[in-house]
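The values are calculated or read from the model by the stated rules, or taken from the named source; none is laboratory data. What you see is a predicted model; the values in this text were computed from it and never measured. Here the Cβ is made from the backbone with ideal geometry for all residues, glycine too, and neighbour counts use every protein chain on show. Keep in mind that these areas ignore ligands, DNA and RNA; they rest on the heavy atoms of the full protein, side chains included. Shrake-Rupley method; radii C 1.70, N 1.55, O 1.52, S 1.80 Å.
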Amino acid sequence: MRLRVFFFLLVLLPLSASAQFTYVMDQSIPVEENGKILKMPWAGGLNSAQINTMDLNGDGIEDLVVFDRAANKISTFLNQENEYAYHPEYELHFPKEISKWVLLRDYNCDGKKDIFTANSIGIAVYKNITEPGGTLSWESLRFFAPPIACAPAGTQGLFTSILLTTTSYSETTCSDGSVVIRPNQTNIFPGTNDIPSITDMDGDGDLDILHMRFVNPGTVQYHKNMSMENFGSCDSLAFERLDQRWGDFEECSCGEFAFGQACSASGGKTNHNVGKAILALDVNGDGNKDLLFSEEDCPTLYLLENEGTSENADINKAVSFPPIKPAFMPLFPAAYYEDVDFDGLPDLLVSPAVFGRTGLNNPFTNSVWFYKNTGTAQSPNFTFDRNNFLQDEMIEVGDYAYPTFVDADGDGDLDLFIGNYANTQFRGVIAQYENVGTASLPSFRWITDDYLGLSILSRYNMKPQFVDITGDGNLDLTFLASEALNLTTNLFYIAGNKPNAIGFDDLQVKTVDFTLGNNENILLHDIDQDGLIDILLGKSTGALEYWRNIGSVGASSFTLENNALMGLSSSLTRTNLNTSIADLDDDGREDLLIGDQSGNLTVYGDFRGTMNAPQPINEIIYDSFSEAYTGKNLGARIKPVVVNLFNSDKPAISVGTVTGGMVILKNDGGQLLPDEPEVTIYPNPLTSNETLYILTDRGLLMQLFTITGQKLTEPLFISGNQPYSLSVNGMTPGLYIARFHYGGKTYGQKFVIY
């Protein structure tokens, strides 16, 4: 019996431990920049934004889905009263296999957007099978291919693939001398870093595909969807390759095109090694699709105007586009065509399609250009609006946001400092945000983008931390920074002179004798608790090294003690480690928190006591749809910092992202929410000219009914812990019922319009 009890306790221990490391994504902390309160400061930033629209919550209104290639992450924004609000709860319900690019298109004309995305050797498609009022759901499609020419009898069966295929026809001579004209089924294969165009080219209602050829990447292939022709409906993906040189042009290199001839004939040479992005749309209102074109090593977005038809194109020139303030970025300005200002007209969005920083050449603080369509749907006219669409409502420091918190002014609350890779002058800086709230209710105000004027160092890749590295009882500013000429990264510090705040007698920058790689990260912390600051080194390889300080106070000297702390050696699936140490669960013992290339967090509870038998915990973020805790990509190459922002026994986690933004995770107390939801409706009563707000403690579904039971809305998803606004304009005075559905039960609240 005692053995059974002991086994039962062993089973419960990991569950009990993991229950303490449970968090919800929090967006409640206000942030002010230049006198403006940001609408979604904790949305995580953007670098390489691919813009799509779709109805996320089933209310019949198009919302926003952004895939950031640099972070390999989906971000979701609801359209609420013609304003975008960040709603991360939908992100978990997109396929994890999405990679490189994503285009949301309704291929089967059922009113729901489906997913087209890259596969290593082609295009994968996910059908939207979401039920009304249900959670986003997808089905990975498989495609049939015809039998192989000349195959022996009995081997002519069909096979399936997850890759989208196209048909071409060829003449084959078999071994018996017979000639067979058979269809050849091949993958539709854009180049590795390409973005294709998926749109209705011929106006018959089904989706066709244009993409740059993989073998000869200077020309465009046209794949016509034969769904309408073969089946009389637009619900299939049945492609035939009609043209391998659509438009009769060839792109040779940046800004150089050959029209009606090959690059070699015009004296040019095709660049085979870079990605290309294309977008087909009718720019001039003549009813024929033109082409917007860009490539990976070129800063210009080009218009290739079509003087033929959409299917039989004739392109004879390339000009920068739009004509007034053309899109011009350091590299690869890819274009997207979506209505993002709620006027019913698709607009032009341009953002670099790069997978990450390729040198000191991408000012990611302003990397989503918005051109408003001031024309019509048939004849658009694109007018430049701003270069930081969505970014202007977020904390956005460019890329590789590296946060740290400290009570800089000694007023009892924690202020925020964020290092970055490089600003628009390609220098690493530290942004400062003062906490103008309290220790329990923080509120941040931007002070400067260049704390202490450290841009004068002309270094990049700035990673700050406040710690007493000199051992004199005062907090010092330590930071990593890289040298552009020799690509070395060093650890620096500026000695502080205040015990309870941040102050400096002078700004002399001193160097610590410790060199590391450009993509490596350190945490300064007393690991062995001997009173000296040690180093945890997160290697780009995924290994975690412990360097013990064998020096003395004020004279550090580090030696490698363990090259795989917690058993974390080199790994192909876990790279670019970033660490934080604190007591996360209020048990008196410090825990280890790790973020990596994948954007996921891992907790090692009581890491000192479990070094020989580590128990990694990954499922720590609450998903309101499944009502369970799960792992989540928070933005790739993340920097987590444990910080007590809410004056709680269990601190929060702040996360800096590769996309230059911030995410806040608030500890929910280690307990799932109570059975019955808490719902507040206000104002109540209200007039028909006012807006109704709903605030709940969890995500749930809501429908509105009249007092007689007449249904007024389809189920609407209401996110937890943030107000949901709903216009009641047009509703007649009277008594109404808001019905909430959660956990298989229904709850109701009344409200009055007068």
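Protection proxy ranking of 205-211, 275-281, by the mean of other Cβ atoms within 10 Å over each peptide's residues and highest first, is 275-281, 205-211. With helices as the sole contributors, the chain gives -1000 deg cm²/dmol at 222 nm; each DSSP H run of n ≥ 4 counts as -39500 (n - 2.57), and the sum is divided by every residue.
Taking the inverse of the mean 1/r over every pair of distinct Cα atoms in region 222-376 gives a Kirkwood hydrodynamic radius of 17.1 Å.
The aspartates and glutamates within cross-link reach of LYS498, meaning a Cα-to-Cα straight distance under 17 Å and a gap of 8 or more places when in the same chain, are ASP407, ASP409, ASP411, ASP413, ASP415, ASP468, ASP472, ASP476, ASP506.
The modelled label-to-label distance for the pair ALA439/THR573, using points 7 Å beyond Cα in the direction of Cβ, is 4.3 nm. The coefficient of translational diffusion for region 576-660, derived via Stokes-Einstein from the alpha carbon Kirkwood radius under 37 °C and 0.692 mPa s, stands at 245 µm²/s. What the phi angles of region 434-443 give under the Karplus curve with 6.51, -1.76 and 1.60, with θ = phi - 60°, is a coupling list of 7, 7, 9, x, 9, 5, 9, 10, x, 8 Hz, glycine and proline written as x. Shown is the FRET efficiency for SER727 and ASP286, computed with R0 = 60 Å from the Cβ-Cβ distance and rounded to the nearest 0.05: 0.95. Report, to the nearest 10°, how far helix 2-20 tilts away from the longest principal axis of the Cα atoms in the chain, using its own Cα long axis and a range of 0 to 90°. Roughly 80 degrees, rounded to the nearest 10. How would you classify region 409-536 from its alpha-carbon gyration tensor, with a ≥ b ≥ c the square roots of the eigenvalues: rounded for a/c under 1.5, else prolate if a/b is greater than b/c, otherwise oblate? Oblate shape, in that a/c is at least 1.5 and b/c is the bigger or equal ratio. Taking amide H atoms as placed 1.01 Å from N in the peptide plane, the amide H of LEU516 lies under 5 Å from those of THR489, each 5 or more residues away in sequence or on another chain. Ordering of 59-67, 94-102 by packing is 59-67, 94-102, highest average first (other Cβ atoms within 10 Å, averaged per residue). Once the 1.4 Å probe is applied to the protein heavy atoms, the chain comes out at 41 Å² accessible per residue. The magnitude of the dipole of region 474-532, with charges of +1 and -1 set on the Cβ of Lys/Arg and Asp/Glu and taken from the Cα centre, is near 200 debye. The fraction of accessible area contributed by carbon and sulfur in the chain is 51 percent, rounded to a whole number (1.4 Å probe; ligands and nucleic acids excluded). In this simple spin-label model, placing a label point 7 Å from the Cα along the Cα-to-Cβ direction at both ASP530 and THR172 gives a separation of 7.2 nm.
Near TYR629, the amide H atoms lying under 5 Å from its own belong to ASP623; only residues 5 or more places off or on other chains count, and H is placed 1.01 Å from N.
Collect residues whose amide H, placed 1.01 Å from N in the peptide plane, falls under 5 Å from the amide H of THR219; neighbours closer than 5 in sequence don't count. It is ARG213, GLU251, by chain and number. Rounded to the nearest whole Hz, the Karplus-based 3J(HN,Hα) values (6.51 cos²θ - 1.76 cosθ + 1.60, θ = phi - 60°) of region 323-337 follow the sequence x, 9, 6, x, 5, 9, 10, x, 8, 6, x, 7, 10, 9, 10, with x at glycine and proline. With 30 Å as the limit, the listed pairs LYS113/LYS325; LYS289/LYS325; LYS96/LYS639; LYS463/LYS632 have LYS113/LYS325 beyond it between alpha carbons. Once you divide the Cα radius of gyration of region 459-502 by 2.2 N^0.38 Å, the number left is 1.30. Projected onto their three principal axes, the Cα atoms of the chain cover extents of 85, 74, 66 Å, largest first.
In a shell of Cβ-Cβ distance under 11 Å around SER580, excluding SER580 itself, what net charge do Lys and Arg (+1) and Asp and Glu (-1) give? For residues surrounding SER580, the net value is -1. For the pair LYS711 and THR374, a Förster radius of 56 Å applied to the C-beta separation gives a FRET efficiency near 0.90, rounded to the nearest 0.05. Across region 578-595, coupling constants 3J(HN,Hα) worked out from phi with the 6.51/-1.76/1.60 Karplus curve, θ = phi - 60°, read 9, 10, 8, 10, 5, 7, 7, 10, 6, 10, x, 10, 6, 10, 10, 10, 10, x Hz, and Gly and Pro carry x.
Between SER320 and TYR747, the distance separating the two model label sites (each 7 Å from Cα on the Cα→Cβ line) works out to 5.8 nm.
The Cα-based radius of gyration and maximum Cα-Cα distance (Dmax) for region 561-720 are 20.6, 73 Å. Once the C-beta distance of THR680 and GLU627 is scaled by a Förster radius of 22 Å, the resulting FRET efficiency is 0.60 to the nearest 0.05.
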